[in-house]
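The values are calculated or read from the model by the stated rules, or taken from the named source; none is laboratory data. Since we're looking at a predicted model, the values are computed, not measured. Because the Cβ atoms are built from the backbone with ideal geometry, glycine has one as well, and the counts that use them run over all protein chains shown.
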Amino acid sequence: MKRLLTSIAFLSFIALSFTGCGVQSIPTQLNEVDAAWSEVLNQYQRRADLIPNLVEVVKGYAKHEKETLESVIAARASATQIKLDAKDLNEANLKKFQQAQDQLKGSLSRLMLVAEQYPNLKADQNFRDLQIQLEGTENRITIARQRYIEQVKIFNNLVSVFPTNIANSFFFHYDKKPQFSVENEGELKKPPTVKF
């Protein structure tokens, strides 16, 4: 019986080696996930780099909006302190990262609402340029996140679905990668309340 099991294991190993059932595709896809995550980080960094310039322009027009400006600065500091390398991606770390980025996005939204109250600020070319760059960056973040989500889906299928999951269990032992999630899904159905 032991000899039969050994033979079956050996034949399975040979079959996996020749057919490539995940032996190459799993590490290749892991590289795709890492690359997609790097692009997500790159776009979030781009947003963080635009914020000091935006805050400085707004300061010149809205000096008494100190609380909003400080909120944006604090949210940026919090978001940029979280360094999340692809190898450290897990549910808890991704959730912390996402919460910090969501907080920064909310602060920026409040800053843009404040800017709407100042016609001279809205007319300022620097502000308009920064606003356009920030809007473009938000779109890039969305696209980068979509690409990451797709690459993680492919990777998770490789490590958990037959027959490539066999190669994963024999050779790699990778766990599924975490995905971005939508926090407070029930609140998405209601329009946001804006208070000053």
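Within the stretch 23-35, restricting attention to residues that are under 19 Å from residue 164 (Cβ atoms) and of a type in the set (A, V, I, L, M, F, W, C), the residue that is farthest from the chain's Cα centre (by Cα) is 23.
Take residue 68 and tell me if it is surrounded by 14 or more Cβ atoms within 10 Å (Cβ to Cβ) and at pLDDT 90 or above. Answer is no for this residue.
Out of the stretch 148-164, which residues are under 16 Å from the mean Cα position of the chain (by Cα) and surrounded by fewer than 17 Cβ atoms within 10 Å (Cβ to Cβ)? Within the stretch 148-164, 149, 150, 153 qualify. Does residue 151 count as touching a helix residue (DSSP H, G or I) at 6+ places or on another chain (Cβ under 7 Å), in a helix (DSSP H, G or I) and modelled with pLDDT of 95 or more? Answer is yes for this residue. Cβ-Cβ distances below 7 Å connect no pair with a first residue in the stretch 83-102 that is free of Cβ contacts under 8 Å to residues at least 24 places away in the same chain, a second residue that is exposed (fewer than 14 other Cβ atoms within 10 Å of the Cβ), and a separation of six or more residues or different chains. Can you name every residue in the stretch 44-95 that is assigned to a helix (DSSP H, G or I) and either in contact with a Cys (Cβ under 7 Å, 6 or more places away or on another chain) or β-branched (Val, Ile, Thr) (or both)? Of everything in the stretch 44-95, those that are assigned to a helix (DSSP H, G or I) and either in contact with a Cys (Cβ under 7 Å, 6 or more places away or on another chain) or β-branched (Val, Ile, Thr) (or both) turn out to be 51, 55, 57, 58, 68, 72, 73, 80.
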